[in-house]
Amino acid sequence: MRLHKGNKQQRVEERGFTLIETMVSICVLTVGLVALAGVMGMAMARTEGSQQLAISKQLANEALESILTARETANITWAQIQNTGGGGIFLPGFNPIYNAGADGIIDTADDAASGYQTLTLPGPDGIYGTADDIQIPLTNYQREVVIAQANDNFGNPISGLRLVTITINYYPQGFTVPQTYILTTYISAYR
């Protein structure tokens, strides 16, 4: 391009982007967008995982409340608040999440007859308790209740005190390794 200034001509160079500069900027932009998509995927997985973790916490608390309520109402004796191997009524190992059986206590032998526990969410109308509610079976969760004798710092048993450990395993979508939530507390023979 030439500019005229009086009688003299000046030459002004026009300059744009070269093809190489354009390709490099497209590659940098692509890498950034792929990284952003990965972060969004991880965020979505974490959101899904947080809901499953909340359900796990609720299932563990539900089992503990069942044990405490049975003790408080004297529906079972102190000797029965143990796993079946120790003379109690609580099943050993990981078990499916069943509804409480006829005894009303979770993780005992009569639970399987009650069927799988489900989580009920409001349906498309957003109102809980209507015909369009969504039922989610809790089949990808397992619960283990371990009740052991509590010991002091020297390993001596403490009379009237037991250690209760409730473990919930669940499989988040797309994972082959279970995630675990553990609730540990003590229960005493005294109400």
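The values are calculated or read from the model by the stated rules, or taken from the named source; none is laboratory data. Quantities reported herein were computed from a predicted structural model and do not represent experimental measurements. So basically every Cβ, Gly included, is an ideal-geometry build from the backbone, and we count neighbours across all protein chains shown.
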Exercise. Only one residue in Ile97, Ile81 is among the aliphatic types (A, V, I, L, M), touching a Lys or Arg at 6+ places or on another chain (Cβ under 7 Å) and over 18 Å from Leu59 (Cβ atoms), so which one is that?
Worked result: Ile81
Exercise. How many residues, within the range 26-82, are of a type in the set (Gly, Ala, Ser) and touching a Leu at 6+ places or on another chain (Cβ under 7 Å)?
Worked result: 1
Exercise. Taking the range 104-139 only, how many residues are assigned to a loop (DSSP other than H, G, I, E, B) and within 27 Å of Ile166 (Cα to Cα)?
Worked result: 11
For this session: Among what's in the range 18-68 and is in contact (Cβ under 8 Å) with a residue 12 or more places away in the chain and small (Gly, Ala, Ser), pick the residue that is farthest from Tyr186 (Cα to Cα).
Result: Ala45
Exercise. How many residues are at pLDDT below 90 and touching a Ser or Thr at 6+ places or on another chain (Cβ under 8 Å) if we restrict to the range 124-134?
Worked result: 1
Exercise. Could you count how many residues in the range 165-174 are surrounded by 12 or more Cβ atoms within 10 Å (Cβ to Cβ) and either modelled with pLDDT under 90 or among the aliphatic types (A, V, I, L, M) (or both)?
Worked result: 4
Exercise. Among the residues of the range 114-124, is any among the hydrophobic types (A, V, I, L, M, F, W, C) and free of Cβ contacts under 8 Å to residues at least 40 places away in the same chain?
Worked result: yes
For this session: Could you list, in sequence order, all residues of the range 84-102 that are assigned to a loop (DSSP other than H, G, I, E, B) and either within 19 Å of the chain's Cα centre (by Cα) or closer than 25 Å to Ile136 by Cβ (or both)?
Result: Leu91, Gly93, Phe94, Ile97, Asn99, Ala100, Gly101, Ala102
For this session: Could you grab me the full set of residues in the range 140-164 that are surrounded by fewer than 15 Cβ atoms within 10 Å (Cβ to Cβ) and in a strand (DSSP E or B)?
Result: Ala148, Gln149, Asn151, Pro157, Ile158, Ser159, Gly160
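Matching residues to (1) among the β-branched types (Val, Ile, Thr); (2) farther than 17 Å from Arg143 by Cα; (3) part of a helix (DSSP H, G or I):
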position	(1), (2), (3)
Phe17	no, yes, no
Glu21	no, yes, yes
Ile26	yes, yes, yes
Val34	yes, yes, yes
Gly41	no, yes, yes
Leu53	no, no, yes
Exercise. Which pairs do you get when a residue that is more than 22 Å from Gln52 (Cα to Cα), found in the range 144-170, comes within reach of a residue that is charged (D, E, K, R) and assigned to a strand (DSSP E or B), reach meaning Cβ atoms under 8 angstrom, with the pair 6+ apart or on two chains?
Worked result: Ile147/Arg162; Ala148/Arg162; Gln149/Arg162; Ala150/Arg162
